[in-house]
1. Could you tell me the number of lysine pairs in region 1-132 with C-alpha atoms less than 23 Å from each other, where the two lysines are 8 or more residues apart or belong to different chains?
2. Looking at 14, 148, 41, which one has the Cα that reaches farthest to the positive end of the dipole of the chain (charges on Cβ: Lys, Arg +1; Asp, Glu -1)?
3. Rounded to the nearest 0.05, what FRET efficiency do residue 136 and residue 40 give with R0 = 35 Å and r taken as the Cβ-Cβ distance? Could you check?
4. What number, in percent, do you get for the relative contact order of the chain if the mean sequence gap of Cα pairs under 8 Å and at least 6 apart is divided by its residue count?
5. Take the chain, connect every pair of alpha-carbon atoms lying under 10 Å apart with a spring to form a Gaussian network, then pick out the residue of 15, 53, 142 with the largest mean-square fluctuation.
6. Given the convex hull over the Cα atoms of region 24-72, what projected area results after averaging over all orientations, in nm²?
7. Each residue of region 39-46 in order: what ³J(HN,Hα) in whole Hz does its phi give by Karplus 6.51 cos²θ - 1.76 cosθ + 1.60, θ = phi - 60°, with x for Gly and Pro?
8. So what are the three principal axis dimensions of region 54-116 from its Cα atoms, in whole Å, longest to shortest?
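Throughout, read-outs are computed from the coordinates displayed, never taken from laboratory work. As the structure is a prediction and not an experimental result, all values here were calculated from the model. As a convention, Cβ positions derive from the backbone with ideal geometry for all residues, glycine included, and neighbour counts pool all protein chains shown.
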Amino acid sequence: MDTNNELRLRLRFYKDVMINTSILSQKFADFAKSNPTDYAVKTRGTHIWINIKGDKKSYYSPHLHLELEAKSENETHIRGLFGPDPTLWTFFMFLHFIIAGVFLIFSGIAYSNSVLNKSYTLDLVVLVLMVIFWFLLYFIAKQIRSNGNNQTHELEKVFLEILES
């Protein structure tokens, strides 16, 4: 998977394997029971999460979410999603909502001031700053994702090893 050419911050992939869904789910459960030192595997029905744990885990460490869908009796469609740590993702979404809220409030204030023929330059400055902050969040997220690229490839290797076992 080429992580550098993706515009999206959360990388997705799809894979079809010639293994029954329940057998495939059992492979991940067996891997989780083998107590891997660097990875935590959680399974719930047809959803599987693989996280990095221990000394290798950092704020930029990704996790892998897999969803297993039965395509036929002996074939499974796997939907994979690499994402940031859920706490970091929640924090970034919180910042996005704050920026959007400030943008909307100052848009309304700027419109009101323009209708009332009052000065609205401060409002426009705040609007431009919110757009700059929004792009800044995007570039920070891109940097965090590039810091975790090696760990993304590690999670992909673990995923492929479990499939081959």
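1. Lysine pair count for region 1-132: 14.
2. 148
3. Details: r = 32 Å, r/R0 = 0.91.
Efficiency, from the Cβ-Cβ distance: 0.65.
4. Numbers: 202 pairs, mean separation 40.0, N = 165.
With pairs under 8 Å counted, the relative contact order is 24 percent.
5. Maximum fluctuation in the GNM of the chain, among the listed residues, is at 15.
6. Numbers: hull surface 14.9 nm².
That works out to 3.7 nm², a quarter of the Cα hull's surface.
7. So the J values, rounded to whole Hz, are 10, 10, 10, 10, 10, 8, x, 9.
8. Extents along the principal axes, in whole Å: 69, 38, 10.
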